[in-house]
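Notes for the one structure printed next.
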Amino acid sequence: MLSVETAENEEGAIAGVLAGLIAAYYGYPHVGVVFGMEFPDLWNFEGGYKWGVDWAVNWTIKNHPELANKGICATPRRERVLWTYTGTFTDVTKGYEAAKAMYEKGAAVVYNVAGGTGIGISVALKEIAEREGLEMGPPFWIGVDADQDWILPGFTIASTIARFDLAVYYGAKLAMEGKFRDAVQETGGKLTFRLATKVAGLEFTGLSLSTLDDLDEFIQMGIEAEKILGKKVLPMPPDEIKSKVKAMRESIPGWIWDVVNDFQEKIRTGEIVVPVFESEEAINKVRATYG
């Protein structure tokens, strides 16, 4: 038997770097993250996100000194990330209330690590957009595990994607190549999806930041879901979704995307190693350092 899990620390770090760079560029003092229930996997997300934000602030101060004395770069280290555990993955209202408070305090981006509860983040953001007459962010939110960029086009800056569907494919590929038993022995029966994973000589990835190609794929899933359910799933026509997301991404300075892509690549090559935060000792240290 081979079970599959994701490297939540890497997933959180990618989101943290993007959020931190956005807050630095647009002059916002904070970023936020809404969690579901508190347990080690989410500690790993929490630690990765806060670590990534810190990495982004340090990179910005070094490479863009004109931004060093404003926005999140000027915020005390332990006050940069606003965070809360809602205790649930299914209460949209709790997600809305948590995110609304973060946006009101000056969060440029709020990351969803709360499943269905996190959809409340988009509700809070839509409320802000309508009140202020915004066509796109900032502020933004970041989706989790699946590509959620289509949910509130123009305000969902990106999503961290964990492709569990590919895990099934790679498991079958290992079996077909006669390497499944070797993979089980090599991993102890637990395969961790990272930005770059090599098991039994097979290289693959199941973790990444969303792209426009991912958006096309998930929009198509929405179209198929509409056929099956007989009701609307997508918030607007597919071409309009893609146009809004593309315009939003193009409005953000190219160097931000370059830094995030370079960060991902350096994780893949091992040049950057994101610590693991699954123990109580590790998460307590994170909170003592980053708030």
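All of the numbers you see were taken from the coordinates with simple rules; none came from a lab. Owing to the predicted nature of the structure, the values given are computational and were not obtained by experimental measurement. Virtual Cβ from ideal backbone geometry, glycine too; neighbours counted across all protein chains shown.
Shown in residue order for segment 78-85 are the 3J(HN,Hα) couplings computed by the Karplus curve 6.51 cos²θ - 1.76 cosθ + 1.60 at θ = phi - 60°: 7, 10, 5, 9, 8, 8, 7, 9 Hz (x for Gly and Pro).
Annotation: the residues Thr269, Thr90, Thr156, Thr60, sorted from fewest to most other C-beta atoms within 10 Å of their own C-beta, follow the order Thr269, Thr90, Thr60, Thr156.
Taking amide H positions as modeled 1.01 Å from N, with prolines and chain starts lacking one, the residues under 5 Å from Tyr111 and 5 or more places away or on another chain are Gly32, Val33, Val34, Ile142.
Modelled spin labels at Lys62 and Val168, positioned 7 Å past Cα toward Cβ, are 4.2 nm from each other. For segment 281-291, the Karplus equation 6.51 cos²θ - 1.76 cosθ + 1.60, evaluated at θ = phi - 60°, returns couplings of 4, 5, 6, 5, 5, 4, 5, 5, 8, 10, x Hz by residue, with Gly and Pro reported as x. Rounded to the nearest 20 debye, the dipole size of the chain about its Cα centre is 440 debye, using +1 on the Cβ of Lys and Arg and -1 on the Cβ of Asp and Glu. Across segment 109-120, coupling constants 3J(HN,Hα) worked out from phi with the 6.51/-1.76/1.60 Karplus curve, θ = phi - 60°, read 9, 10, 9, 8, 10, 9, x, x, 4, x, 4, x Hz, and Gly and Pro carry x. With neighbours defined as other Cβ atoms within 10 Å of a residue's Cβ, the residues Tyr28, Tyr290, Tyr111 order from fewest to most as Tyr290, Tyr28, Tyr111.
Stretched out straight at 0.36 nm per residue, the stretch from Leu229 to Glu104 would grow longer than its current Cα-Cα span by 41.3 nm.
Placing one equal scatterer on every Cα of the chain and applying the Debye formula, the log10 ratio I(q)/I(0) at q = 0.08, 0.09, 0.13, 0.15 Å⁻¹ is -0.34, -0.43, -0.90, -1.18. Restricting attention to segment 3-282, close to 20% of DSSP beta bridges with both partner residues there are antiparallel. Amide H contacts of Ser208 (H built 1.01 Å from N, in plane; Pro and chain starts excluded): Ile161 sit under 5 Å, all sequence-distant by 5 or more or on other chains. For segment 29-137, the orientation-averaged shadow of the C-alpha convex hull comes to 7.1 nm² (one quarter of the hull surface). Taking other C-beta atoms within 10 Å as the exposure proxy, Trp141, Trp43 rank Trp43, Trp141 from fewest upward. In whole angstrom, how far apart do the alpha carbon centroids of segment 11-28 and segment 56-96 sit? Each part's Cα centre sits 7 Å from the other's.
Annotation: amide H of Thr6 within the under-5 Å range of Phe193, sequence separation 5 or more or interchain, hydrogens built in the peptide plane.
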